[in-house]
Structures are given as structure tokens and as C-alpha cells.
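Down below is the structure, laid out as C-alpha cells.
The values are calculated or read from the model by the stated rules, or taken from the named source; none is laboratory data. Only a predicted model underlies this, so the values are computations on that prediction, with no experimental measurement involved. Glycine gets a Cβ as well: all are built from the backbone with ideal geometry, and neighbour counts include every protein chain shown.
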């Protein structure tokens, strides 16, 4: 599993972002993220390596201080979505019957409704402007995908011999789910979690492009939103919009590599095809 | 295709519409305050004096039936929504939400249907060619590049394309805003303008979407390659080309159609934001105007119509699928 280069590269990239997110703020003064800190709309220079925006915030400081809030939206939303999804998927796949029908129909409905659309609706009515609030909304809406994946795997696992043996030895449903099923589902849960992190960040940044969500705390979506509102494109201020775009690109590539690798681990046929 | 299957799909469709409509009804009532008070507060914030506030609010509540029991309000709301009646837009008052939507929806549907079909077709061909030994190296590299950028959200690719092709090279118009106003009537000039302004948004969606179809198709082709009937076809001495087209691709294609149905929701979300980046005159831009002005009726109308469009798309895919694969029936497993 460790020999898989996609997995290694993916975690390496995520690790670099996490180090930047946690270590960066120690090196840069937080005052630089405030308006009127420097002169406006300056291109990169020695004093401001990534330039400044239209209210005089240092863009490197905004980038560094914005990394953690952006990552944390993904982490909170991912944990919530995967947690709910795993629980529902296990219940649905293991117990089957009417519970399964209800959960499956529900997740079918949620999968059909575009996440961003509901997010816009909920976020604009609740007027949430905090990182946690946005992450909670995203997380509560992001369980349908994991539910489906975990349910499918549970359905196939529960027919295996070791589950039947466990039943014969008198283990109850609770023990079987936690001791036998859950450990075997870990690669799928991890893949779902990584997917949900990316999905949460993707959705929240999309929300911010529309001018809703956490636009007061430094994060990638806030910088992108202010760059578009401030006409960074038309005025050619590439240093304003490019850094968040690059960070987000690295982030999505890293999560993609990890899920791709986990897919190969779960489905050996996909492995080692040189083409 | 059994009646049972069709009935269940229709039931799910109706359920989705009902959930979306109920969400629209409930959300404004769950958050404190009502839209009229919020509007009056906003006017006061802007320095306007509003006299008789209490009477005004009471009159509006009566006028919009907000004093009726919640159940009655709910039934009235559902009846209105089914007629696509979402009331008036707050920002452009005498205009109804329905007319704003009907003006922008064709733009979005046109852009999306063309790009989705193109992305699906190109992606499937590229993914299948991956498994064919004769594919030139250059094509393989292009496919790999497309697969690598596939996880990026549409809007990031749109931003980069906007910068490269719209502003730096100036090959294509960076925004659709001015072009829409210049259009008059259905003639060649208008059509060329539409193509001109749709190319960048379409290219963004294509670049972002082709890779994931290619990746999915590649995975299915690998799975199919191991099947006995492929080995048999080889042993029979059929040409590589015939095996590719008639045996491998045909069977690998089926799950991709299911994926098309599932991905519609993602495509619509993604395309909405691409429209925002290019100010393309579709539903996405209407949504941007609505969210910027907190125009709640418009937000509700647009989100509802987006859900309905996706649900219709998924229903169509679900109903076509059993025709492609006779093994599929709706059975409880």
C-alpha cells in the first residue's frame, strides 16, 4: 500500500499544505491580513512577495492565514458527511428490509438534488458567515455519496463466510458491525472522507464566488471573491487571483491522487496498467 | 421495461420535486424575521424613513396570506410552485421571477446539453482508445492531461481560461455581458455572436468534464478486457477493431450511461459557477444577481428550477437505460 506512488504524492501534497497552514502564521504578522496594512494594488515586491489587494491587505499573509480555514471547512464537512454516510450505509446494507428502502430512496433523492443549489438556498437564508456554519451545512448535505458506497460494500461483505462464522459464534449485530464490517470498510471510508473533504471545499468556494458564506475570515474563497469583485482579471492583477487558484488546484489534485490510489487498492484490476 | 420500474422512477421524481418545494417553503419560515421586516430594515439602513411600519407589515402579511394557518399556507404554496409561480423579483420589482427564469433558462440548457453530450462522447472515445494498442502517443498524453485536470472544479478551469484566452491572448470575448445587448433577432450575426460568447464557457466545462468520462471508461474497459467473451473473440480470430467496437466498448459503455444520470447534478452545479465567471446570460448569472441582492423569491425560483431540470434529466436517463440493457429491471434485492 505504501509503495503506491499516487498515494504517497497525494499525502505529500496535502502534508505540505497542512505545514503551510499551521506553520506559516508563525512567520507572518497577522496584522498584514487587515485592510490598510500596505498601499493598494501593488504587484509582488520584496516587502510583499505576492503583492497587495485593493484595500491594502498583504496577499501572502491572506494566503497563509487563509489556508487553515479553507482546509478546516473540508475537514469538518468531510468528517460529518462521511460519519453520517458510513452509519446510514452500514445500517442500510446490513439490516436491509424496509430501513434499507427508506435510506436508499432518501440518498437517491439527495444525490439528484445539486448540492450547490441547496447550499445556496440554506446559506442565503441562514446568512451564515462563519467557517464552522458553512462547513456544518455542507457536511449535513454531503452524506448521500458515502451512504451509497458503504451500503454497496456492506451488501457484498455480509454474504462472506467470515460474517456467517461470526453469526454462528453468537456475536450480536452490534459486534459484527463494529468488529468485522467496519475494519474491512476502512479503505472505502477513507476514500469517501478524502472525496468529501474536496467536495466540501469545492462547494464552499463556489458559494463564495456567488458572494455568500464566510467572506470575513481569510480563506481561499474570500480572496477569489474579492479578486473578482475588485476586477483583478480586467486590470491584469494576476497576483491577486492566481495564488488561491494554485493552492486549490494542488489541493484537488492531491485528493484526486489519493482516491485514485485507494481505488486501485480496492480493485486490483486497475493496478499496474502502464498505459 | 416493467410498469413497476417506470412507476417507481416517477415516484422518486415526484418525491424530489416535493422535497425541493417543501424546502423552499420551510427555510424562510425557520429563520427568524420575515422578508417584509427585513426589507424595511434595509431601507432604513439606507437612510430612508418608513412611516406606519407596523400597519405596513400587517397589511403585507394579510395580502400574502401569512396570517393563515401554516397548513393552508403550505398547500397554497405547493399549488403556486406547481404553476411555476414564484411571485415577483425584489430587485427588479414589476418583473416576475418566472419571466426572469424563462429568459435565462434556454441559455443554460443550450450550453449544458451541447457540452455534456460532447464531453460524454469525447471522453468515452478517449477512454476506449487508451486500451487500444495503436493509439498514438500524443493522444495518450492529451488524455492523461485531461484526466489529471478532471478533479478540478469547473470554475477554476474557467478562471484560468478567462485569463489565458480572454485577457492575455484575447482570442475570445472575456465576458458575454455586452454581446447579449447587441443581439437582435434570429439571424446569422446573432448566431455567430452566440457561438463567440459561448465558446469559452463551453470549453471550460468540456476540459473539466472529459477527463472523468475517459477515466471511468478506461476502468470499465480494463474490467471488460478480462471477460471470457473477449478471450473467445480473440481466439475466433476476430480483428482487433471488431473486438474493440463490437465487444469491449459496447459492454463498457453501459455503466457510463448510469454515471451520466448521476453526474447531472454535479454538471449543473459546476456550470452555474462557470456562468458566473464569464457573466454568461444563463441561470447562473441570474443566480449571482439574486444572491448579491438577497432577492429571496428569485433565489427560491432559480434553485427550484435547477432541481427540477436535474430531476427531469435523471428521469430521462433512468427511463432510457433499461432500453439499452434489457437485464435491468427494478427488483428489490
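Some notes on this structure:
- When A:57, A:104, A:127, A:96 are screened for being farther than 30 Å from residue A:148 by Cβ and within 14 Å of chain B (Cβ to nearest Cβ), only A:127 passes.
- Qualifying residue in segment B:226-242 (condition: in contact with a helix residue (DSSP H, G or I) (Cβ under 6 Å, 6 or more places away or on another chain), surrounded by fewer than 23 Cβ atoms within 10 Å (Cβ to Cβ) and within 10 Å of chain A (Cβ to nearest Cβ)): no
- Exactly one residue out of B:9, B:42, B:76 is assigned to a helix (DSSP H, G or I), modelled with pLDDT of 75 or more and within 14 Å of chain A (Cβ to nearest Cβ): that is B:9.
- Matching residues in segment B:277-290 - criterion: being surrounded by 24 or more Cβ atoms within 10 Å (Cβ to Cβ) and within 8 Å of another protein chain (Cβ to nearest Cβ): B:277, B:287
- Restricting attention to segment B:99-121, the residues that are over 18 Å from the mean Cα position of the chain (by Cα) and surrounded by 14 or more Cβ atoms within 10 Å (Cβ to Cβ) total 0.
- Scope segment A:229-249; condition at pLDDT below 85 and within 21 Å of residue B:152 (Cα to Cα); matching residues: A:233
- Looking across segment A:228-245, the residues that are within 17 Å of residue A:205 (Cα to Cα) and free of Cβ contacts under 8 Å to residues at least 24 places away in the same chain come down to A:228, A:229, A:241, A:242, A:245.
- Test: residue in segment B:257-276 that is more than 9 Å from chain A (Cβ to nearest Cβ), farther than 26 Å from residue A:112 by Cα and without any contact (Cβ under 8 Å) to a residue 60 or more places away in the chain: no
- Condition met for residue B:156 (modelled with pLDDT of 80 or more and either away from chain A (no Cβ under 11 Å) or in contact with a strand residue (DSSP E or B) (Cβ under 6 Å, 6 or more places away or on another chain) (or both)): no
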